[in-house]
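The next block holds one structure in the form of structure tokens; read it before the comments.
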Amino acid sequence: MKSILIKGGHLIDPPSRTDRLRDLLIHDNKIVELGDPGKLNATAKKEGAEIIDATGLIVAPGLVDIHVHLREPGQGYKETIESGTKAGAMGGFTALCCMPNTSPVVDSPEITRWVLSPERNAVIRVFPVAAATRGSMGEAITEYGSLKAAGAVGVSDDGKPVLQDAVMHQALIAAARAGLPMIQHAENTKITVGASMNAGARAFRLGLRGMSVEAESGIVERDIRLVRELTTSGKGPRPHLHVQHVSTAKAMEAIRHAKRAGLHVTCEVAPHHFMLTDEAVEGYNTHAKMNPPLRSEADRAAMVTALLDGTADCIATDHAPHAVHEKEQEFEKAPNGITGLETALSLSIKMLHHQHRMPLLRLIHLMSTAPAHIMGLRGRGTLAPEAFADVVLFDPKSTWTFNARNSPSKSRNTPFDGQTLPGVVKMTISEGRVVYKA
Amino acid sequence: MSPATKSASKSAPKSVPKKAAAQAPQPKATTPPADGIHPGSLLSITQLSLEEVSNILALAERLAGESSSKHATLLENRKLALLFYESSTRTRTSFELAAKSLGAMTTLVSDKSSSIEKGESLKDTGLTLRALGAECIILRHNASGSPYLLAKHTGLPVLNAGDGMHEHPSQALLDLRTILSRLGKKQAVTETTLDGITVCITGDILHSRVARSNALLLPRLGAKVILCGPQQLLPPEAVDLYPGITLERDFDKALQQSQVAMMLRIQKERLAGMQIDLADYQKQYQLHEDRYFKHAPNAVVMHPGPMIRGLEITADIADGPSSAIEEQVRNGLAIRMALLARALNGGAA
Ligand SMILES: [Zn+2]
């Protein structure tokens, strides 16, 4: 039994709208108390608490990333649950939702439990998202109830969409019954065959086949239509659709309308989609190849707008590690995705807080409270007493230079390598244990 | 990653203008090769300034004009590798003969005769060639952008001999040399050299690297470029390749405005899944005598080859007096000699 007093810091807790100097007392794996500066000193002394000086730092609930690829089982050369969670801890994260497109696919309670086994040596909490259909083949839905019982917090065929209307309809119903979000990678793969970047003039000039905006927005619109039908029918529980890595203004607009109509539709935006445009592909940079692809400047700006106005519910990285030799290939051959856990907070601070004056309280909401809520992670994303002692301490004012080689991740496929970024994570505490210290 | 951060640092508008998504990026006139890429490389026609284009043309002119003995030892003992992942007669032979007439040693590595077959990566193949002493690699590859990968990892001068649907820069230079000589202009260019000249490029633009390289070069010299073809082979975004390019679906109308008619092959091997009625295509886009004499009786006729006689062009036109097709092939030799000399001379022509 161990206590920690984090004192002198500027505490940000979105649920209670706390945004001022407060001390924080942790006992074991839980938050005990928040108090005005100095007020908890006596209690801490009595308990023999370890004192952490957070002067000049932001103290916030640990970040929650609801879209990562930890590559296990089966692709440990790209990432392991251990290395990926260490990279997460370095980035200030204390909870990760990992996607099921592993080998084998996480489509059974057994594999779900394997991911959650202590033998995986996760340093922060991992919450598996299980496959929505068997083998993520898009044909037969999996058993959501037993997957949830095994620890799954949502269902998705990420990397592939659930294309067939009938299967998606069924998945939405079954997920609602199980109390899980149905999480969709929105891409009409029928019209993206062979495509490796955003469609348009640049793709034409580079001689690459393009993914159209409609390939994304079409599926989002279809899914929203299915949610609306199920919601208005009044039969059964309300379905929850979560749209992954929205990249186009058009899809975001559809989500905006769905929200206004009161449907339970949430979505995430990845840092690369609010930082970069398809200009980054020039020179056939495979570190700018991901799915959905980097889009136009108007789309990028629309992602920022959506994060500012609340249409986008949260930020998620789509951390997708790949080995060096896989990215050092012809552009069309190279796999999709970039790593993102190490840089998400800094990029968000740079673009949203610095450039667009988003208050840090709101930023922490987007990176911790909201994602925890979307995935139903109780006691996360908050510093309320009784919550898990998941805490990040960071300095929003100073800068650091990201060197991908120094990341605990097994991969370094990132376009942000070598960049000097604002926002330095000083310490990450997962359920009362210090798991990262700068 | 400077291009990336640059675009990222622009501030986002408060609300998204509805039509902004359709705005095309404005292409820069020249994009110098990135760090780590040998300056003797030619990966895209866009990397050359007009001064460099003029230097290459001048060198080609000199090499073509002098007796072959004068340059027979220019690249003596220099080692060049031709790395061909796609079959090619014209381009490969052209580069090979160009190299040999400058005295260089060449080796051909093709996908049918090497470890490429065994799944070796392009990077490793390049490093192996470099270790064996190759000083320059001429690459033909079916993946767009592969010359960038090879140039980056080997540090050697790489000449793009055609990459996927991207570019074929040496073809654009030899086409330019042909156009200049046919129009009686000197082999040096400025922004106004082709003022008043219209070039129509007709056929399968979508899959054509020749079309891209030409369309990215000729407007910079003042030419008007008309891209002509049916919707499926000429998507609307092609108009944004370069300012001053227009699209025209009606071949007759395009011809009426043109002093140069560049015909392209239908790339049957790349048409998978497309509904192209070849008989209809032939009717609308074939260059034949009637059409030629009715709409553009003085136009210079060009074709990068290989031609499908009877499909996009008829024999009477291909073999007629206005055809510059054989001249293109001859000019290819001169241009490629110049490019090889430039590559092995640190990028100076
Ligand atoms: Zn995805």
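The values are calculated or read from the model by the stated rules, or taken from the named source; none is laboratory data. Worth saying up front: this structure is predicted, and the values here are computed from it rather than measured. Cβ sites come from the backbone with ideal geometry, for glycine too, and all protein chains shown count toward neighbours. We work out accessible area using only protein heavy atoms, side chains counted, and drop any ligands, DNA or RNA first. Shrake-Rupley method; radii C 1.70, N 1.55, O 1.52, S 1.80 Å.
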At a probe radius of 1.4 Å, figure out the A/B buried accessible area, summed over both chains, and give it in Å² to the nearest 100. 3100 Å²
Relative to the first principal axis of the alpha-carbon coordinates of chain A, what is the inclination of helix A:165-178, with its axis defined by its Cα atoms, in degrees from 0 to 90 and to the nearest 10? 20 degrees
Mind listing the long-range amide H neighbours of A:Asn198? Cut-off is under 5 Å, sequence gap 5 or more, other chains count too, H placed in the peptide plane at 1.01 Å from N. A:Met211, A:Leu294
Calculated from DSSP helices alone, with each H run of at least 4 adding -39500 (n - 2.57) and the total divided by the residues of the protein assembly as shown, [θ]222 nm to the nearest 500 comes to -9000 deg cm²/dmol
Nearest-10 value in Å² for the accessible area of B:Asp319, using the 1.4 Å probe: 100 Å²
Among A:Gly432, A:Met182, A:Ile338, whose Cα sits farthest toward the positive end of the charge dipole of chain A (+1 at Cβ of Lys/Arg, -1 at Cβ of Asp/Glu, about the Cα centre)? A:Gly432
Solvent-accessible area, 1.4 Å probe, carbon plus sulfur percent, for segment A:62-378: 52 percent
For the pair B:Thr190 and B:Ala315, the simple spin-label estimate (label points 7 Å beyond Cα toward Cβ) gives in nm 4.6 nm
Sorted by accessible surface (1.4 Å probe, heavy atoms of the protein chains only), largest first, A:Leu116, A:Leu352 come out as A:Leu116, A:Leu352
Potential lengthening between B:Leu108 and B:Glu76 on full extension [0.36 nm per residue; Cα-Cα distance subtracted]: 9.8 nm
Compute the accessible area per residue over segment B:169-329, keeping the other protein chains in place, probe 1.4 Å, unit Å². 37 Å²
Accessible surface, per residue, of segment A:62-378 when the full set of protein chains is kept, probe 1.4 Å, Å²: 30 Å²
Rounded to 0.05, the calculated FRET efficiency for the beta carbons of A:Leu361 and A:Val193 at R₀ = 41 Å is 0.40
Which order do A:Glu47, A:Glu110 take when ranked by solvent-accessible area (1.4 Å probe, heavy atoms of all protein chains), largest first? A:Glu110, A:Glu47
Distance in nm between A:Arg20 and B:Thr246 label points, each 7 Å along Cα→Cβ, equals 6.9 nm
Please list, ordered by chain and number, the residues whose modelled amide H lies under 5 Å from the amide H of A:Gln75; skip anything fewer than 5 residues away on the same chain. A:Ser103
If the label point sits 7 Å along Cα→Cβ of A:Asn121, residues of segment A:377-418 with amide N under 20 Å come out as A:405-412
Expected integer from the mean partner chain Cβ neighbour count at 10 Å over B:229-235 is 1
Tensor-based shape of segment A:62-378 (alpha-carbon gyration tensor, a/c under 1.5 rounded, otherwise prolate or oblate): rounded
Within a 10 angstrom radius of each residue's Cβ in A:282-289, how many Cβ atoms of other chains show up on average? Whole number is fine. 5
So, in Å, what gap is there between the alpha-carbon centers of segment B:59-97 and segment A:234-252? 59 Å
Dipole of segment B:169-329, Cα-centred, from +1 at each Lys and Arg C-beta and -1 at each Asp and Glu C-beta, to the nearest 20 debye? 340 debye
Just grab the label-to-label distance for B:Asp124 and A:Asn41, each label 7 Å out from Cα along the Cβ direction, in nm (one decimal). 6.5 nm
Descending accessible area (1.4 Å probe), largest on the left, turns B:Met105, B:Met262 into B:Met105, B:Met262
Taking θ = phi - 60°, what integer Hz values does the Karplus form 6.51 cos²θ - 1.76 cosθ + 1.60 yield along segment A:147-155, in sequence order, with x for Gly and Pro? 5, 5, 4, 7, x, 5, 10, x, 10
Mean separation of Cα pairs under 8 Å and 6+ residues apart, divided by the residue count of segment B:169-329: what relative contact order is that in percent? 23 percent
Using a/c under 1.5 as the rounded threshold, could you call the protein assembly as shown rounded, prolate or oblate? The axes a ≥ b ≥ c are square roots of the C-alpha gyration tensor eigenvalues, and prolate needs a/b larger than b/c, oblate otherwise. prolate
Along the positive direction of the dipole of chain B (beta-carbon charges: Lys, Arg +1; Asp, Glu -1; about the Cα centre), which of B:Leu63, B:Ala131, B:Thr91 reaches farthest? B:Ala131
Accessible area of B:Thr190, 1.4 Å probe, to the nearest 10 Å²? 70 Å²
Cβ-placed point charges (K, R +1; D, E -1), dipole of segment A:89-243 about Cα centre in debye, nearest 20: 220 debye
Got a sec to turn the phi values of segment B:295-304 into Karplus ³J(HN,Hα) couplings, 6.51 cos²θ - 1.76 cosθ + 1.60 with θ = phi - 60°, whole Hz, x for Gly and Pro? 10, 8, x, 10, 5, 6, 9, 10, 7, x
List the residues, sorted by chain then number, that are 5 or more residues from A:Tyr436 or on another chain and whose placed amide H is less than 5 Å from its amide H. A:Thr428
Residue-level accessible surface for A:Arg433, protein heavy atoms, 1.4 Å, Å²: 120 Å²
Positive dipole terminus of the protein assembly as shown, leading residue within A:Gly207, A:Gly35, A:Leu352 (C-beta point charges): A:Gly35
Roughly how many debye, to the nearest 20, is the charge dipole of segment B:250-349 about its Cα centre, given +1 on each Lys and Arg Cβ, -1 on each Asp and Glu Cβ, and no other charges? 420 debye
Hz values of 3J(HN,Hα) by residue in segment B:52-69 - Karplus curve (6.51, -1.76, 1.60), Gly and Pro given as x: 5, 4, 4, 4, 5, 4, 5, 5, 4, 4, 5, 5, 6, x, 7, 5, 4, 5
Summarise the accessible area of chain B (1.4 Å probe, protein heavy atoms) by the percent that is carbon and sulfur. 51 percent
Starting from 0.36 nm per residue, how many nanometres of slack lie between B:Leu271 and B:Glu327 once their C-alpha separation is accounted for? 17.2 nm
